[in-house]
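**Q** Have a look at the structure that comes next, please.
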Amino acid sequence: MNCANSRPFTVLVEGNIGSGKTTFLEHFRQFEDITLLTEPVEEWRNLKGWNLLDLMYSDPAKWAMTFQAYVSLTMLEMHRRPTSTPVKLMERSIFSAKYCFVEQMKRLGTLHPAQFAVLDEWFKFINTEIPVEADLIVYLKTTPSIVYDRIKKRARSEEQCVPLSYIEELHKLHEDWLINRTHADCPAPVLVLDADLDLSQITEEYKKSEHQILRKAVNVVMQ
Ligand SMILES: Cc1cc2cn([C@H]3C[C@H](O)[C@@H](CO)O3)c(=O)nc2[nH]1
């Protein structure tokens with residue numbers, strides 16, 4: 001299938017740290033009609049030799065602004081990246097940047113109100129001037145204590161100092177955005193998957209989304 005002039009059916013894959021987003025995206029590598037855009041963590045870990053992710057976790061008050069400014073730029077680049085396939089799956093988005101991570105750092109005070117105001121102006125400009133499409137959000141819903149244990153087991157060095165309270169706050173921000181729907185500028189329907197399931201059981205959950213994503217994608221292409 002190819003879509004000559006319409007944009008691809010765009011799916012945002014959202015969830016807390018350790019919720020299994022990368023694993024979820026990898027499940028869809030089997031389909032040639034889907035382009036996968038995974039989170040560019042390696043770019044955040046090495047921008048001209050600077051590990052911005054490590055700097056942010058090591059000294060949030062000093063580096064949160066720099067980190068979130070760069071993350072948002074990489075997200076915008078991913079939203080804008082042309083894809084030849086009818087479906088595009090993206091890991092996280094400019095929306096989770098704004099409603100989850102930047103919001104979290106504002107509330108924790110690791111972003112000064114003036115820094116938050118600057119990022120917010122960028123988000124407002126993007127929202128009005130640069131069309132960022134989303135047709136479906138897949139929310140990998142998890143329990144904070146479960147993903148906290150996964151983060152410890154995954155042992156990504158920069159994350160080892162992340163406390164459970166940080167994960168709990170991020171969970172609440174995801175729930176506000178995707179379950180309570182407190183933000184109107186991201187109206188895409190949300191498919192909630194139980195991502196607490198461990199790897200052996202979760203394939204059934206993924207299959208539930210497979211049907212929704214591929215069926216919708218076919219509709220988009222057939223229009
Ligand atoms: C959009 C967005 C993604 C994202 C990830 N992160 C962190 C959480 C994880 O520790 C790591 C990889 O997702 O980056 C962040 O602090 N701010 C972010 N903003």
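The values are calculated or read from the model by the stated rules, or taken from the named source; none is laboratory data. All figures in this text were calculated on a predicted structure; none of them were measured in a lab. Please note: Cβ atoms are built from the backbone with ideal geometry, for glycine as well, and neighbour counts cover all protein chains shown. SASA here: full protein model, heavy atoms, side chains in, ligands and nucleic acids out. Shrake-Rupley method; radii C 1.70, N 1.55, O 1.52, S 1.80 Å.
**Q** If you go through region 154-187 one residue at a time, how many are under 15 Å from the mean Cα position of the chain (by Cα) and aromatic (Phe, Trp, Tyr)?
**A** Of the residues in that region, 1 qualify.
**Q** Okay, moving on. Which of (1) touching a strand residue (DSSP E or B) at 6+ places or on another chain (Cβ under 9 Å); (2) of a type outside the set (Ser, Thr, Tyr); (3) within 12 Å of the ligand (Cβ to nearest atom) does Phe101 not meet, given it meets every other one?
**A** (1)
**Q** Scan region 183-192 residue by residue and report those that are open to solvent by 50 Å² or more (accessible area, probe 1.4 Å) and either small (Gly, Ala, Ser) or outside any loop (DSSP other than H, G, I, E, B) (or both).
**A** Ala184, Val192 - these are the residues of region 183-192 that are open to solvent by 50 Å² or more (accessible area, probe 1.4 Å) and either small (Gly, Ala, Ser) or outside any loop (DSSP other than H, G, I, E, B) (or both).
**Q** Only one of these is away from the ligand (no atom under 16 Å from the Cβ) and small (Gly, Ala, Ser): Ser157, Ser165, Ser145. Name it. Can you show your working first?
**A** Numbers: Ser157 fails: away from the ligand (no atom under 16 Å from the Cβ); Ser165 fails: away from the ligand (no atom under 16 Å from the Cβ).
The match here is Ser145.
**Q** Something else about it: One residue is enough: does region 27-38 have a residue meeting the conditions open to solvent by less than 10 Å² (accessible area, probe 1.4 Å), modelled with pLDDT under 95 and in contact with a strand residue (DSSP E or B) (Cβ under 6 Å, 6 or more places away or on another chain)?
**A** Checked region 27-38: at least one residue is open to solvent by less than 10 Å² (accessible area, probe 1.4 Å), modelled with pLDDT under 95 and in contact with a strand residue (DSSP E or B) (Cβ under 6 Å, 6 or more places away or on another chain).
**Q** I would also like to ask the following. Out of all the residues in region 124-182, which are touching a helix residue (DSSP H, G or I) at 6+ places or on another chain (Cβ under 7 Å), assigned to a helix (DSSP H, G or I) and open to solvent by 70 Å² or more (accessible area, probe 1.4 Å)?
**A** Listed by number, the list holds a single entry, Glu168.
**Q** Between residues in region 27-41 that are closer than 16 Å to Pro8 by Cα and of a type in the set (Asp, Glu) and residues that are away from the ligand (no atom under 16 Å from the Cβ) and outside any helix (DSSP H, G or I), which pairs lie under 6 Å by C-beta distance while being six or more apart or on different chains?
**A** From region 27-41, the pairs are Asp33/Met1; Asp33/Thr85; Asp33/Pro86; Asp33/Val87.
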